[in-house]
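**Student:** One structure, as structure tokens, below. Some questions next.
The values are calculated or read from the model by the stated rules, or taken from the named source; none is laboratory data. Just so it is clear, the model here is predicted, and its values are computed rather than measured. With ideal geometry, Cβ positions are generated from the backbone for all residues, glycine too; neighbour counts draw on all protein chains shown.
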Amino acid sequence: PRLHVAADLGPGAVLPLDRAQANYLLNVLRRGPADPVLLFNGRDGEWRAEIAPTGRKSADLVVRERTREQPPRAGLQYLFAPLKTARLDYMAQKAVEMGAGTLRPVITRYTQGERLNLDRLRANAVEAAEQCGVLSLPDVPDPVKLPAALADLNPLCLLVFCDEDAAVSDPVEALRRGVADPAEPPPLAVLVGPEGGFASEERALILARPNTVALSLGPRILRADTAAVAVLALVQAVLGD
Ligand code: SAM
């Protein structure tokens, strides 16, 4: 198993597990002293640790050696209009699994998600990182309104705008066209709208931005969390990480 911990990681460090983590390792996963646990804290890379039970329901982790160096956080930004909680949990996890290093909530006219619970979003991002082996903690900044989110983007950044109204063109060709030099792909951002879609003036604002590719993902209306998986899979396949 791989666990995110807050503590610094180094050879010989002893990390007492909290009750939930001890219960998860000892009783749910039924791991014991000989079983390795991989740890990461988002700063020091990945380390192998051993379980040192200190009781029936408690244990320490003794850090042994580093198994992976700390990579830089993935540059891919996933910009999204918050959704209702259950779908937002799912979308946040899938975006991390599909390579997003930043989950940037964007408030649009038709954003429905009740008050955005950032702590929950960040916890989902960490859980997804644990599950899929990402060592850099995804960045989840505070929500901004759409114009500010667009203005914050690096002007060179290629914005892949998921637009169900875009002419159904060849998405692979559209993506490739957006990248001047495949050997030096630009920073990438993906934008998916709320369940209520973008307002027309928002769509105009997005399309007015240079280095923006409006991408249709086919003739059907996808839920935003479906669009997230579809477009990130396409971006990864065509443009790589
Ligand atoms: N405007 C849609 C409607 O008429 O029902 C609602 C928006 S859709 C549920 C949520 C978001 O997913 C959209 O804003 C868009 O970003 C993305 N999306 C959905 N279907 C898509 C498609 N076929 N192609 C590209 N993006 C799509």
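**Student:** Could you count how many residues in region 57-86 are in contact with a Gly (Cβ under 9 Å, 6 or more places away or on another chain) and either surrounded by fewer than 20 Cβ atoms within 10 Å (Cβ to Cβ) or among the small types (G, A, S) (or both)?
**Tutor:** 15
**Student:** Sticking with this one: Just the residues that are in a loop (DSSP other than H, G, I, E, B) and within 15 Å of the ligand (Cβ to nearest atom), please, taken from region 70-87.
**Tutor:** Scanning region 70-87 gives A81, P82, L83, K84.
**Student:** Still on this structure: Tell me which residues, restricted to region 161-176, are more than 10 Å from the ligand (Cβ to nearest atom), of a type in the set (A, V, I, L, M, F, W, C) and either crowded, with 18+ Cβ neighbours inside 10 Å or free of Cβ contacts under 8 Å to residues at least 24 places away in the same chain (or both).
**Tutor:** Those that are more than 10 Å from the ligand (Cβ to nearest atom), of a type in the set (A, V, I, L, M, F, W, C) and either crowded, with 18+ Cβ neighbours inside 10 Å or free of Cβ contacts under 8 Å to residues at least 24 places away in the same chain (or both): A174, L175.
**Student:** So, one more: Among the numbered conditions (1) in a loop (DSSP other than H, G, I, E, B); (2) within 12 Å of the chain's Cα centre (by Cα), tell me where L121 comes up short.
**Tutor:** Of (1) in a loop (DSSP other than H, G, I, E, B); (2) within 12 Å of the chain's Cα centre (by Cα), only one is false for L121: (1).
**Student:** Another question, then. Got at least one residue in region 211-229 being part of a helix (DSSP H, G or I) and near the ligand (Cβ under 6 Å from one of its atoms)?
**Tutor:** Yes; the residues of region 211-229 include at least one that is part of a helix (DSSP H, G or I) and near the ligand (Cβ under 6 Å from one of its atoms).
**Student:** Go through region 124-152 residue by residue and tally those that are in a loop (DSSP other than H, G, I, E, B), on the phi < 0 side of the Ramachandran plot and surrounded by fewer than 20 Cβ atoms within 10 Å (Cβ to Cβ).
**Tutor:** Adding up the residues that qualify gives 5.
**Student:** Let me spell it out: the conditions are (1) buried (at least 16 other Cβ atoms within 10 Å of the Cβ); (2) modelled with pLDDT under 95; (3) over 28 Å from L234 (Cβ atoms), and A52 meets all of them except one. Which number is the exception?
**Tutor:** (1)
**Student:** Going by the structure shown, is K57 within 16 Å of the ligand (Cβ to nearest atom) and of a type in the set (D, E, K, R)?
**Tutor:** no
**Student:** Moving on to the next point. For region 15-45, enumerate the residues that are within 13 Å of R56 (Cα to Cα), part of a loop (DSSP other than H, G, I, E, B) and of a type in the set (G, A, S).
**Tutor:** G32
**Student:** Does V238 count as surrounded by 15 or more Cβ atoms within 10 Å (Cβ to Cβ) and either modelled with pLDDT under 95 or more than 7 Å from the ligand (Cβ to nearest atom) (or both)?
**Tutor:** So V238 fits the description; yes.
**Student:** Next question. Which residue out of V179, V192, V140 is within 16 Å of the ligand (Cβ to nearest atom) and among the β-branched types (V, I, T)?
**Tutor:** Sole residue among the options that is within 16 Å of the ligand (Cβ to nearest atom) and among the β-branched types (V, I, T): V192.
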